[in-house]
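What follows draws every value from the coordinates through simple rules; no lab data is involved. Just so it is clear, the structure is predicted and the values come from calculations on it, not from any experiment. Cβ: placed from backbone, ideal geometry, glycine included. Neighbour counts: every protein chain shown.
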Amino acid sequence: MEVYRGLAILTTNLRSAIDPAFLRRIRFVVQFPFPDVAQRTEIWRRMFPTPLPTEGINLSRLAQLNVPGGNIRTIALNAAFLAADAGEPLQMKHLLRATRSEYVKLEKTLTETEVDGWI
């Protein structure tokens with residue numbers, strides 16, 4: 001790492017897993033705070049481009065999910081695939097299914113409070 005002259009970017013959501021000796025060799029560390037509800041709402045809004053056919057998408061309900069932007073993107077993309085496969089506009093039911101799948105990967109429990117009123 002000391003002799004490499006290019007730009008190297010290392011990302012992680014588990015800083016404690018990085019060896020301290022390795023961390024000392026990193027010149028800059030940028031921390032991104034976990035998005036609050038308002039920020040998650042904006043992230044969700046940006047996930048759905050105008051040409052995408054949607055029906056009944058509720059951004060304030062989606063923002064109740066306690067996940068960062070990367071997981072929001074994965075959920076939105078997987079939900080769009082589910083909707084396209086069904087030949088339907090993207091709906092909350094597709095987002096719920098994609099969310100459940102993402103939470104399984106994250107080994108998180110999806111609470112009823114998070115998805116209350118989605119369908």
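Just want the ordering: Thr12, Thr74, Thr99, Thr50, from fewest to most Cβ atoms lying within 10 Å of their own Cβ.
Values: Thr12 8, Thr74 17, Thr99 25, Thr50 5.
Fewest-to-most ranking of Thr12, Thr74, Thr99, Thr50: Thr50, Thr12, Thr74, Thr99.
Using +1 at the C-beta of Lys and Arg and -1 at the C-beta of Asp and Glu, which of Ala38, Ile9, Ile119 has the Cα lying farthest in the positive direction of the dipole of the chain?
Ile9
Once amide H atoms are placed 1.01 Å from N in the peptide plane, what residues at a sequence separation of 5 or more from Leu90, or on another chain, have their amide H within under 5 Å of its amide H?
Thr54, Glu55
To the nearest 20 debye, what is the magnitude of the charge dipole of the chain about its Cα centre, counting +1 on the Cβ of each Lys and Arg and -1 on the Cβ of each Asp and Glu? Provide the component values of the computation, followed by the final result.
Working: 15 positive and 12 negative charges, 107 e Å.
Using only the charged Cβ atoms, the result is roughly 520 debye.
Compute the Rg/Rh shape ratio of the chain: radius of gyration over Kirkwood radius, all on alpha-carbon atoms. Present the calculation step by step, with values, prior to reporting the outcome.
On the way: Rg = 17.8 Å, Rh = 16.4 Å.
Ratio value, two decimals: 1.09.
Would you order Arg73, Arg61, Arg46 from fewest to most other beta-carbon atoms within 10 Å of each residue's own beta-carbon?
Details: Arg73 15, Arg61 18, Arg46 12.
In order of increasing Cβ crowding within 10 Å: Arg46, Arg73, Arg61.
So how far apart, in nm, are the two label points at Asn58 and Arg100 if each is 7 Å from Cα heading toward Cβ?
1.8
For a quick check: sort Arg45, Arg15, Arg27, Arg40 by the number of other beta carbons within 10 angstrom, fewest at the front.
Details: Arg45 12, Arg15 9, Arg27 5, Arg40 22.
Lowest to highest Cβ neighbour count: Arg27, Arg15, Arg45, Arg40.
Report the label-to-label distance for Thr113 and Ala21 in nanometres (one decimal), using points 7 Å from each Cα along the Cα→Cβ vector.
Label-label distance for Thr113 and Ala21, simple model: 4.4 nm.
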